[in-house]
Every structure is written in structure tokens, then in C-alpha cells.
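J.: My questions all concern the structure below.
The numbers here are math on the coordinates, done by the rules we state, and not lab data. Here the structure is a predicted model, which is why all the values come from computation and not from measurement. With ideal geometry, Cβ positions are generated from the backbone for all residues, glycine too; neighbour counts draw on all protein chains shown.
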Amino acid sequence: MGSPVNKRILLGVTGGIAAYKSADLVRRLRDAGAEVRVIMTSSATEFITPLTLQAVSGHPVYRHLLDTDAEAGMGHIELARWADAVLVAPASANFLARLAQGRADDLLSTVCLATEAPVAVAPAMNQQMWNNPATQSNLAAIKKNAVRIFGPAEGSQACGEVGPGRMLEPVELVTLTSELFATGELDGLTVLVTAGPTWEAIDPVRGLTNRSSGKMGYAVAEAAAEAGAKVILISGPTALADPARVRTIRVTSAQEMHDAVHRHAAEANIFIGVAAVADYRPARTAERKIKKTEARLTLELERTPDILASVAALRPAPFTVGFAAETENLEQHARAKLENKKLDLVAANRVGADLGFASDDNSLLLVEREGVTELPVQPKTKLARALIRHVAARYRAKNSAPVHALRRP
Ligand code: CTP
């Protein structure tokens, strides 16, 4: 079962009496943990005011295509990219017709065309209009384009008739929308993920660390949970909240991360090392705060255990994925890590002034023995989902192969 926690849901409201329920729907989606933005068609504004939906969503309502102010803020392409899912509720007969034709003559229809996110519609109309062959053939056309149809329910209608065409209740729409995020690709599997930096103490108040925010690792853990896996996240110190549906274990140093990983490695089918683990730690940690009595101070450093390589060396080893942050020669460095550490896959990302550690966006080059796959720049949450999709497919392929093909070199 999927969850809407931290998901970005773009709610389209079209003209129909059920639009009065949209305010409740927004509130319930937000209560369930989603971030919601609303697009209204002009006829929707006859039924409910933009101010109401602005108040309940906490964001201005988007209404016009090519409105100079709106496009300067979040234009139609940004909105289409922003969304993790688009839900049109209520969806009028007219809107279904326009969606079936692939129209792009208002903001909502344009965003539906421009988005890569799943699109779902909750039809709401008079039962004659619903049963009309024209509406039914429009529905068949949009289903063919992978648009999900939520409902409608049967019952008494605002027009006094009885039959199919009532919009599903907001609580049912929240459940169905949540299921859009459950892919089932990792059902029944356990995924172990490391994330964040480590902290190697010099003395009780000082330490060696790095700029990793943990965002990518947390996004990977969430994407794995979304795909149905049992997820254990071993996290270094970060400012992030524990992801929903993920067992998060907080550690400080590379050694603690190593020990926590090995307590759980035997149960993991897949290991993904996203943490920026310190390669060196102070050879000795001072018990008391070091005083500046000397003119010069030398810190002796020693290597930390390589967690990723130690997991890949287990027998049997989980499907093991490493990360490589590089400023240049991405593929070459990643391939060296793949071979040296005997990994199944290396996800390499370019780090630089505007990409990498603190940023919300990133791209990845997936390097495997079989070849290279590029995942273009996108929000880390989406990138993590694409990585998990790829890893799930590779894991399944490897584990359905004959046993002799599973042996490592
Ligand atoms: N890693 C690890 N344990 C360590 C160090 C790194 O598990 N002690 C993992 C990271 O989580 C990441 C990958 O190894 O998945 C990064 O590889 P690494 O060789 O450490 O990268 P760099 O330090 O950037 O490599 P280089 O030695 O080329 O600088």
C-alpha cells in the first residue's frame, strides 16, 4: 500500500457541483502528509472560490495558461514537473472529452499533457452524461493513455436522478491516490540503505565531517519503501526527519555505521550505500577538549572500514549498489569502484558548485558491467524512484537467472 507522505499532488478542479467537496479533499490529502497545489478551470470558479482552495492548500491557486505573473512564478512546465501525481477531482464530462483529445488550451489540460507523473481523474456528472457513448468512448481513450479512473460512485445525484456519476468521497480518493505511489517492484524484499555524512570525533566537541545532507539517501530509502520493500536506513547525523515507513537507525561515526550495517546485512536482499562515509578518522580521540597551547598541531589519521566493500564481500552478498561523487571522469572512476569493490552497480553523480550535496536536484550515471544508463537532472525524490526502478529490475533479472550465472567473479 502506498503513502502520500511528502508527495506533491497537483489537484485539478473542473466545473461541477462536486467541486464543493474539493476543499475537503485538499484538507484530507494534506492531513495524510501530501503537499497540494490546485489548478482550477474557469468553470470550476463558478462552483467554489479560488480563495477557499488557496486557504486550505496554503498556496495560491493556478488558473491561467500563459499568465505573465503565474508563468514567472511556477509556469505550466514547472507545475507539470513539480507534481508526483495529478488528480482531477471532480472531472467533468467536458474535461474528459478534452483530455481524450489531448487538448492544451487551458492550464489544467496543458499540465496533464506535459507531466510525466501519473494522472488520475475522478469523474462527476449526471448519470445520462456518464452513460452516453461519447463519454464512454472518451474514457476508453484516456484509459489507453494510462490515465487512472477513480469511480464514479452510484447513488442519488444533485440533479435528482439516481445512477452512476457521483464523485467518490474525498476519503476514498485519498486512498486511491496513495495507491498511485505503490509500485510493488520490491514487494517481499529487504533493502538496507546508508545515508548522510559521518562524524569522526577529534575531541568531545570537534570532529571531521563533510557536506552531505542525507537528502539523496533518505529519498532512496523512501522510494524503496514506496516500491514495497522493508527498508532499514542507517543514517549519519542529518537534520532530516525519519522517513515514513522506514526503520531509521541513527549513528555517528563510520565505525558505528559499519557495525549497524553488519547487524542487518544478512537479512538484506539489496544494499545501497549512499552515505558519504569518512575515509579517514583521527587515530586517537582526545578525551578532553584540545587546548590551543601548541603553535602547530598535527592530527594523525587512519583509514575507516570500507562499509560498501565489506558488504559486497559477504557470502552470500546482497545486490550491492555504491555511490560515487566525482568532479570529473565520472564513468571511468565509477567503473573502477565497480571492479575494485566488486559491486553490482555504481550510481555516479557529478558534484560541483550547483549540484550535489546540499541541492534538491541531481543526475545519476548508472554504471554496470553490462553498460551505462543516464538518469537526467531532476529532483532527488524522482531520481531516487528511477534508481529504485532500475535496481529492482536488475535484482529480479539476476535472481531469476540460473544459479551459475549468479556467482561473482
Ligand atoms: N563507502 C563506504 N565506506 C567507506 C567509504 C565509502 O561504504 N568507508 C561507500 C559510500 O557510501 C559510497 C562509496 O563507498 O557508496 C564511495 O566510494 P569511495 O571509494 O569511498 O569514494 P571516494 O572516497 O569519493 O573515492 P576516492 O577514493 O576515489 O576519493
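J.: Could you estimate the translational diffusion coefficient of the range 21-168 from the Stokes-Einstein equation, with Rh from the Kirkwood formula over C-alpha pairs, at 20 °C and 1.002 mPa s, in whole µm²/s?
T.: 135
J.: Are any of the pairs LYS144/LYS230; LYS21/LYS380; LYS230/LYS398; LYS7/LYS230 more than 29 Å apart by Cα-Cα distance, and if so, which?
T.: Long pairs (Cα-Cα over 29 Å): LYS144/LYS230; LYS21/LYS380.
J.: To continue, here is another question. Please give the helix 254-264 orientation as an angle from the longest Cα principal axis of the chain, in degrees from 0 to 90, rounded to the nearest 10.
T.: 60
J.: Determine, from the Cβ-Cβ distance of GLU169 and ALA295 and an R0 of 56 Å, the FRET efficiency 1/(1 + (r/R0)^6), rounded to the nearest 0.05. List each step's numbers first, then the result.
T.: Numbers: r = 74 Å, r/R0 = 1.32.
Once the sixth-power term is evaluated, E becomes 0.15.
J.: For the chain, what does the helix formula give at 222 nm: sum of -39500 (n - 2.57) over DSSP H segments with n ≥ 4, over the residue count, nearest 500 deg cm²/dmol?
T.: When only DSSP H runs of four or more count, the value is -10000 deg cm²/dmol.
J.: Label-point separation (nm) for THR183 and GLU154, each offset 7 Å from Cα along Cα-to-Cβ?
T.: 3.7
J.: Compute the acute angle (0 to 90°) between the alpha-carbon long axis of helix 133-144 and the principal axis of greatest extent of the alpha-carbon atoms of the chain; round to the nearest 10°.
T.: Between helix and principal axis, roughly 10 degrees.
J.: Can you tell me which aspartates and glutamates have their Cα less than 17 Å from the Cα of LYS337? Leave out same-chain residues fewer than eight positions away.
T.: ASP279, ASP306, GLU326, GLU328, GLU368, GLU370
J.: Excluding same-chain residues fewer than 8 positions from LYS289, which aspartates and glutamates have a Cα within less than 18 Å of its Cα?
T.: Partners found: GLU200, ASP203, GLU300.
J.: Another question, then. Just to confirm a number: summing +1 for Lys and Arg and -1 for Asp and Glu over residues other than THR238 whose beta-carbon lies under 14 angstrom from that of THR238, what do you get?
T.: Details: positive: ARG211, LYS215, ARG250, LYS380; negative: GLU222, ASP242.
Net charge around THR238: +2.
J.: Testing the spin-label approximation: label points 7 Å from Cα along Cα→Cβ at ASP242 and LEU314. State their distance in nm.
T.: For the pair ASP242/LEU314, the computed spacing is 2.1 nm.
J.: Choose one of VAL346, TRP199, LEU299: the residue whose Cα lies farthest towards the positive end of the charge dipole of the chain (beta-carbon charges +1 Lys, Arg; -1 Asp, Glu; about the Cα centre).
T.: Toward the positive end, the furthest listed residue is LEU299.
J.: Using the crude model of +1 on Lys and Arg Cβ and -1 on Asp and Glu Cβ, and no other charge, please compute the dipole size for the range 271-407 relative to its Cα centre, in debye to 20.
T.: In debye, rounded to 20, the range 271-407 gives about 560.
J.: Given a Förster distance of 35 Å, report the FRET efficiency between ARG288 and ASN210 from their Cβ-Cβ distance, rounded to the nearest 0.05.
T.: About 0.85, to the nearest 0.05.
J.: Quick check: convex hull over the Cα atoms of the chain, volume per residue in Å³, rounded to an integer?
T.: 178
J.: Sort all Cα-Cα distances of the range 190-406 into consecutive 10 angstrom bins from zero, then give the percent of pairs in each bin up to the one containing the longest distance.
T.: Whole-percent P(r) values from 0 Å outward: 8, 34, 36, 15, 5, 1, 0.
J.: Okay, next question. How would you order 134-145, 24-35 from highest to lowest mean count of nearby Cβ atoms within 10 Å?
T.: With the highest mean Cβ count within 10 Å placed first, the list reads 24-35, 134-145.
J.: If you don't mind, there's one more thing I want to ask. Can you give the FRET efficiency to the nearest 0.05 for HIS64 and ARG27, using r as the Cβ-Cβ distance and R₀ = 35 Å?
T.: Values: r = 25 Å, r/R0 = 0.71.
Between HIS64 and ARG27 the formula returns 0.90.
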